[in-house]
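Enquirer: This is the structure, below, for whatever I ask next.
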Amino acid sequence: MTGCDREQKPAEKQQAPAANESAQQAGAGTPAQDTAEASQGNAEVIAKTNALFEEQFQTHVQRSPEFKTFLGIKEDYGKWDDISPEFAKETYEINKRQLAALKEIDPDQLDDATRLSLELAIRNLEQDIDGWKWRLHTYPVNQMYAGHTSVASLLINQHRVDDVSDAEAYISRLNALPAHFDQLIENLQERADKGVIVPKFVFPYVISDGKNLITGAPYDDGKDSTLFADFKGKVDKLSISDDEKSALIESAKTAMLENVKPAYEKLIGYLGELEKKATTDDGAWKLPDGDEFYQHRLNVYTTTDMTAEEIHQVGLDEVKRIHDEMRAIMKKVNFDGNLQEFFEFMRTDKQFYYPETEEGKQRYLKEATAIIDTMKGRLDELFITKPKADLVVKAVEPFREKSAGKAFYQRPAPDGSRPGIYYANLYKMSSMPTYQMEALAYHEGIPGHHMQLSIMQELENVPSFRKFGGYTAYTEGWGLYSELVPKEIGFYQDPYSDFGRLAMELWRACRLVVDTGMHSKKWTREETIDWLAENSPNPQGDVVKAIERYIVMPGQATAYKIGMMKIVELREGAKEELGDKFDIREFHDVVLANGAVPLNVLEELVDEWVAKKKSAD
């Protein structure tokens, strides 16, 4: 899930130029940047424009304590973001002023690189401003991302405790939860008044997640609760006296009992009342002007103007193609039966699943790490620019594993204090078949999200907003493309593992069908689950969780396959144009060295590179 982009909180999604000397600085001297040397522009205007980009970016950073924490900035370290409607309106007005300032810049005075930044900055702001009318068409609390679980995730994964003041800031955040959750309730109520309530199936998940966070010490006699254990562990590592440690822990305990517990109980109580008003209608069509809203979401996520009907048909065509490739693997492994029977075999045969034990989970993590380490040794064949930041593999924390996605990636800290993290959800080992282990590791880790997002965050000579922004079609398209690339250099030797790769591509193709089916064609949740179960090898629990994800994030699931198909199309077109002059390492540099861009901009960058290569004779 990259998790994963402008549609997510920066702290929960997605940094660096190349580790090898030949790559020089990312953003300087790479094939992608070489295409921009022709237009030098006006140096003074270029400098002022880039200063404006940074000023505008910092304006938004200063308004977000949580984004500061993600960036490793310890200002407002004891605060949460202001999520009130009034603050949102202020942001909207700031965006309009920033857009007006950008539109005063003459693009003809800029070099190509700065002109691209200007184009992207204007596009981003226009999109945010256009999206203002849909600001209440969202579900701030759902099983995929929710205010009451994201605060815990931030404290655990991003709030570093390096000294006493950091620990005190942690306690301040605990004490600030009642006011923060009151704003969250206000947001939920404002949406409910407009008829925007998350579907009924979501409530047991989010209520359970909330209860999990106030279970255990100091709330009851059980083992330490998630946050209490986290705080104790961080304080214990400080070089201070035992008395000072005890005092901090006692303060945290008081905060949890007097503020954290009441805040969660109030929110849980409100969610229980809201649940009574929820319906079982799931598609975006049920929302006010739902069809128009859904088309807006498709435009945002795919960075194209494709209609729901077009995307639906692409999905059906791709499902058929991948099914045929799967039948070829059936023959290779001498399976006697049809495709549906093969799916059932892959779903249920014990050889493909590790036991539901701690040993089984540790084995999975160890082998996923080994897959990534092996791929690291082959990167020079595929890439010029490589990330500086390290990557680790972790299991999703117990407090959120029941509702979290199958796997996702969290970006490293910009200052290098935290590595990138590939999270594998090992809540049910029966949902993590070993034949998908390779493709998952490549997608979330290397050469997937860790390569792309870390390199982007580590870029030099590009504005900050481009280092930390994103476009789902590009980011997730790269992730899915990264599942294919290892096959082309000899990985997936086990045909079952290659089936796993195809199964994951099939999953993304199916998403095109079911997302548009639900949100545009009014398929019911049950109809959609049945279609996905019949057309994919994934276990039933996987299917249900996936459909429930697509329900609360209309359009997001379509970005993966649309993005991957564009990258493959551009690569094959470049191969045809360049013949022997095509270099996969240079192509990947063109794709990665500018950071995330909309698909039409990516096409322009590749076309420029191809033209330059052809004219170099």
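Enquirer: When P199 is evaluated against the numbered criteria (1) surrounded by 20 or more Cβ atoms within 10 Å (Cβ to Cβ); (2) touching a Ser or Thr at 6+ places or on another chain (Cβ under 9 Å), which criterion, by number, is the only one it fails?
Expert: Going through the list (1) surrounded by 20 or more Cβ atoms within 10 Å (Cβ to Cβ); (2) touching a Ser or Thr at 6+ places or on another chain (Cβ under 9 Å), P199 breaks only (1).
Enquirer: Something else about it: Restricting to the range 291-350, what's the tally of residues that are among the small types (G, A, S) and touching a Phe, Trp or Tyr at 6+ places or on another chain (Cβ under 9 Å)?
Expert: The total comes to 2.
Enquirer: Anything in the range 42-88 that is more than 27 Å from N187 (Cα to Cα), assigned to a helix (DSSP H, G or I) and of a type outside the set (A, V, I, L, M)? List them, or say none.
Expert: Residues satisfying the conditions are E44, K48, T49, N50, F53, E54, E55.
Enquirer: Looking for whichever is on the phi < 0 side of the Ramachandran plot, surrounded by fewer than 16 Cβ atoms within 10 Å (Cβ to Cβ) and modelled with pLDDT of 90 or more here; the options are Q40, Q56, Q62. Which one fits?
Expert: Only one candidate passes the filter, namely Q62.
Enquirer: What pairs can you find where one residue is in the range 55-74 and under 16 Å from G469 (Cα atoms), the other is of a type in the set (A, V, I, L, M, F, W, C) and outside any helix (DSSP H, G or I), and their Cβ atoms are less than 7 Å apart, with a gap of 6+ or different chains?
Expert: Sorted first by the residue in the range 55-74, then by its partner, the pairs are E66/W80.
Enquirer: Can you confirm whether L459 is over 23 Å from Y301 (Cα atoms), in contact with a Lys or Arg (Cβ under 7 Å, 6 or more places away or on another chain) and either at pLDDT below 95 or not assigned by TED's automatic domain parsing to the domain that holds V591 (or both)?
Expert: Criteria met by L459.
Enquirer: For the range 402-458: of the residues being of a type in the set (S, T, Y) and in a loop (DSSP other than H, G, I, E, B), which is surrounded by the most Cβ atoms within 10 Å (Cβ to Cβ)?
Expert: Among those that are of a type in the set (S, T, Y) and in a loop (DSSP other than H, G, I, E, B), it is S403.
Enquirer: Would you point out the residue of the range 569-612, among those that are touching an Asp or Glu at 6+ places or on another chain (Cβ under 8 Å) and over 15 Å from K386 (Cα atoms), that is surrounded by the most Cβ atoms within 10 Å (Cβ to Cβ)?
Expert: Among residues in the range 569-612 that are touching an Asp or Glu at 6+ places or on another chain (Cβ under 8 Å) and over 15 Å from K386 (Cα atoms), the one surrounded by the most Cβ atoms within 10 Å (Cβ to Cβ) is A596.
Enquirer: Determine, yes or no, whether A152 is assigned by TED's automatic domain parsing to the domain that holds S172, part of a helix (DSSP H, G or I), buried (at least 17 other Cβ atoms within 10 Å of the Cβ) and not hydroxyl-bearing (S, T, Y).
Expert: Yes: the conditions hold for A152.
Enquirer: Let me ask you something else. Within the range 92-127, which residues are at pLDDT 95 or above, small (G, A, S) and crowded, with 17+ Cβ neighbours inside 10 Å?
Expert: Those that are at pLDDT 95 or above, small (G, A, S) and crowded, with 17+ Cβ neighbours inside 10 Å: S117, A121.
Enquirer: For the range 478-510, enumerate the residues that are among the aliphatic types (A, V, I, L, M) and in a helix (DSSP H, G or I).
Expert: Matches in the range 478-510: L480, L484, V485, L502, A503, M504, L506, A509.
The values are calculated or read from the model by the stated rules, or taken from the named source; none is laboratory data. Keep in mind that this is a model prediction, so the values were computed, not measured. We place every Cβ from the backbone using ideal geometry, glycine too, and count neighbours over all the protein chains shown.
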